[in-house]
Amino acid sequence: MIVILDFGSQYTQLLARRIRELGVYCEIHPYDAPVEAIRAKTPSGIVLSGGPSSLADGNGVRSEDLTPLPHPGVFMLGVPILGVCYGHQVLAKVLGGKVKKTSKREFGLAKLSLERSAGLFDGVEPKLDVWMSHGDEVTAMPFGFVPLGSTENAPFAAIANVHKKLYGLQFHPEVSHTKYGGKIIQNFILEVCQAEPNWRMKTFIDDAAAQIAEEAGQARVLVALSGGVDSSVAARLVHKAVGKQLIAVFVDTGLLKADETERIRRVFGKLLEDSLVMIDAKDRFFSALKGVTEPEKKRKIIGHLFGRIFEETASQYKDLRYLVQGTLYPDVIESGKSVSGKAHVIKTHHNVGGLPDDLKLKLLEPLRHLFKDEVRQVGRELGLSDEILGRHPFPGPGFAVRIIGEVTPERAEILQKADAIIEEEVRRAGYYDRIWQMFPVLLGVQSVGVMGDARSYKDVVAFRAVESTDGMTADWAKIPHDLLGAISRRIVNEIPAVSRVVYDITSKPPATIEWE
Ligand code: XMP
């Protein structure tokens, strides 16, 4: 495996992705991870990431006191090291070179002229575009290093101590703008480090299943199955590991997509066999939400009721000791500024959806080392269909946060119908995979219409569709007018309670994706 020491670059996760794409497992650790912890991983190589800090002399502070540096023992482990951007400067400075603030900062593309390959640039053209983003530069190399390449403003843009297998790159090979960036990373990982490209989802599944089985022993394991990608894959993986000891609880709140219960039964009935526990809690949710209009109150009520239902279910099994959560790697990685950064598969506390602490369940997070697309691959290997793996995200409180005002079964049914029409039309038009999330919102506003010869006065539905990569920011989706027209026409024609459809054209920020 490869260890990446994170100095806080926005590209650190991208580095990890590039390495895993080569079939080599890697983990991101904080820059100051203890050297014993790194040695214990027996890495084939170490990558020092970029970062926002400065090591330059003469910047008014004693830089060593304030700037992040790795444990010096890292350089004595005898494994190949690649420093990228700030990591390049760390390598140079720690080993005796010089780093200075440059008068000619480079941001964006620069032309790298190669002098020698040193194994790192095998198969790469002698002049190539590279992506730079730096205000400091290496002005003197440490003893034993040779220059591999330079740009107009950075004489030591690529350096190496070939004998010790230490390499430094001022540019970012992990970003797609760097031509041959993938090849350079591949040369370092597979040729210099001689790492085995044996990280396959099949291997991951077998290892993770064995670990889970060993940890759980004879105890039962509970998973809250929402039908989303992460909980579905986690449930399937744990089921492979512990079989009937798994209890996969699916709660029908009445606030889910139309036919969700049937879908879950159809998809998971076979895959999870006897482990699947379906709970019809529609009446409980609607009666708990009766008369409630305030968004935060709705969320709290729903969270608590979920907790209570899981607790009731859990109390039926006295040998229940574990709770599965579909946490992913991006939620686990601690930033370059952090000191601990311990990433274990198993933790001993939990903080999930309203579950009371005295349940004392241990948390199993079998996906905590995976990126989202790796989770999808695992799901595919485990027999889950694209119907589940390609799904848009769906919020825990479901339609409750898409019904402005009181949540009633009648109003939820209007949304289920509108939602089904939207999904059908968007899929038919081939737009489903280009959209992050889409849904109708019941505004609680009535509007005048004319239907046949009669005046009507009925509900307005807003249609929201957004493009996003992580849900943190989003833009309204520029879907074709014909498609909008078809959706509007069908909603008004097929749902008698609705007289008008409007399209939400607000980005996030300033709006949020959900309306409540
Ligand atoms: P917002 O509305 O905050 O949504 O822009 C960002 C993403 O989070 C989802 N979301 C939730 N998911 N429980 C969830 O499980 C919630 O309470 C919740 N609120 C928002 C939302 O659907 C979007 O993907």
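The values are calculated or read from the model by the stated rules, or taken from the named source; none is laboratory data. The model shown is predicted, which means the values in this text are computed figures rather than measured ones. No Cβ is skipped: glycine too gets one built from the backbone with ideal geometry, and neighbour counts run over all protein chains shown. Heavy atoms of the whole protein, side chains included, go into the accessibility calculation; ligands, DNA and RNA do not. Shrake-Rupley method; radii C 1.70, N 1.55, O 1.52, S 1.80 Å.
Would you check which residues across the range 222-241 are part of a helix (DSSP H, G or I) and hydroxyl-bearing (Ser, Thr, Tyr) and list them?
Once the filter is applied, which keeps residues that are part of a helix (DSSP H, G or I) and hydroxyl-bearing (Ser, Thr, Tyr), the range 222-241 yields Ser231, Ser232.
Can you tell me which residues in the range 137-160 are open to solvent by 10 Å² or more (accessible area, probe 1.4 Å) and in contact (Cβ under 8 Å) with a residue 60 or more places away in the chain?
Selection gives Phe156 alone.
What do you reckon, is Lys104 of a type in the set (D, E, K, R), farther than 20 Å from Val146 by Cβ and either touching a Lys or Arg at 6+ places or on another chain (Cβ under 9 Å) or open to solvent by 60 Å² or more (accessible area, probe 1.4 Å) (or both)?
yes
Here's the yes/no breakdown for (1) β-branched (Val, Ile, Thr); (2) open to solvent by less than 40 Å² (accessible area, probe 1.4 Å); (3) in a loop (DSSP other than H, G, I, E, B):
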residue: Glu174; (1), (2), (3): no, yes, yes
residue: Thr178; (1), (2), (3): yes, yes, yes
residue: Gly182; (1), (2), (3): no, no, no
residue: Asn198; (1), (2), (3): no, no, yes
residue: Ile205; (1), (2), (3): yes, yes, no
residue: Ala208; (1), (2), (3): no, yes, no
residue: Gln211; (1), (2), (3): no, no, no
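Being touching a Lys or Arg at 6+ places or on another chain (Cβ under 7 Å), at pLDDT 95 or above and open to solvent by 20 Å² or more (accessible area, probe 1.4 Å) narrows it down to one of Gln194, Gln245, Gln218, so name that one.
Being touching a Lys or Arg at 6+ places or on another chain (Cβ under 7 Å), at pLDDT 95 or above and open to solvent by 20 Å² or more (accessible area, probe 1.4 Å) holds for just one of Gln194, Gln245, Gln218, which is Gln245.
Every residue, every condition in (1) touching a residue at least 40 places away in the same chain (Cβ under 8 Å); (2) among the hydrophobic types (A, V, I, L, M, F, W, C), yes or no:
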site	(1), (2)
Tyr431	yes, no
Gln437	yes, no
Gly452	no, no
Tyr457	yes, no
Glu467	no, no
Ala497	yes, yes
Val502	yes, yes
Glu514	yes, no
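Could you tell me whether the range 231-242 includes any residue that is at pLDDT 95 or above, open to solvent by 30 Å² or more (accessible area, probe 1.4 Å) and farther than 21 Å from Phe394 by Cα?
For the range 231-242, residues at pLDDT 95 or above, open to solvent by 30 Å² or more (accessible area, probe 1.4 Å) and farther than 21 Å from Phe394 by Cα: present.
Select from the range 472-506 the residues that are exposed (fewer than 14 other Cβ atoms within 10 Å of the Cβ) and within 16 Å of the ligand (Cβ to nearest atom) and write down the one among them that is farthest from Gly452 (Cα to Cα).
Met472
For a quick check of your reading of the model, give me the residue pairs whose first member lies in the range 292-307 and is touching a residue at least 40 places away in the same chain (Cβ under 8 Å) and open to solvent by 40 Å² or more (accessible area, probe 1.4 Å), whose second is within 13 Å of the ligand (Cβ to nearest atom) and part of a helix (DSSP H, G or I), with beta-carbon atoms closer than 8 Å and at least 6 apart or on different chains.
Pairs that qualify, where the first residue is touching a residue at least 40 places away in the same chain (Cβ under 8 Å) and open to solvent by 40 Å² or more (accessible area, probe 1.4 Å) and the partner is within 13 Å of the ligand (Cβ to nearest atom) and part of a helix (DSSP H, G or I), are Pro295/Val401; Arg299/Ala400; Arg299/Val401.
Which numbered condition in (1) modelled with pLDDT under 95; (2) surrounded by 15 or more Cβ atoms within 10 Å (Cβ to Cβ) is the only one that Asp65 fails?
With respect to (1) modelled with pLDDT under 95; (2) surrounded by 15 or more Cβ atoms within 10 Å (Cβ to Cβ), Asp65 is out only on (2).
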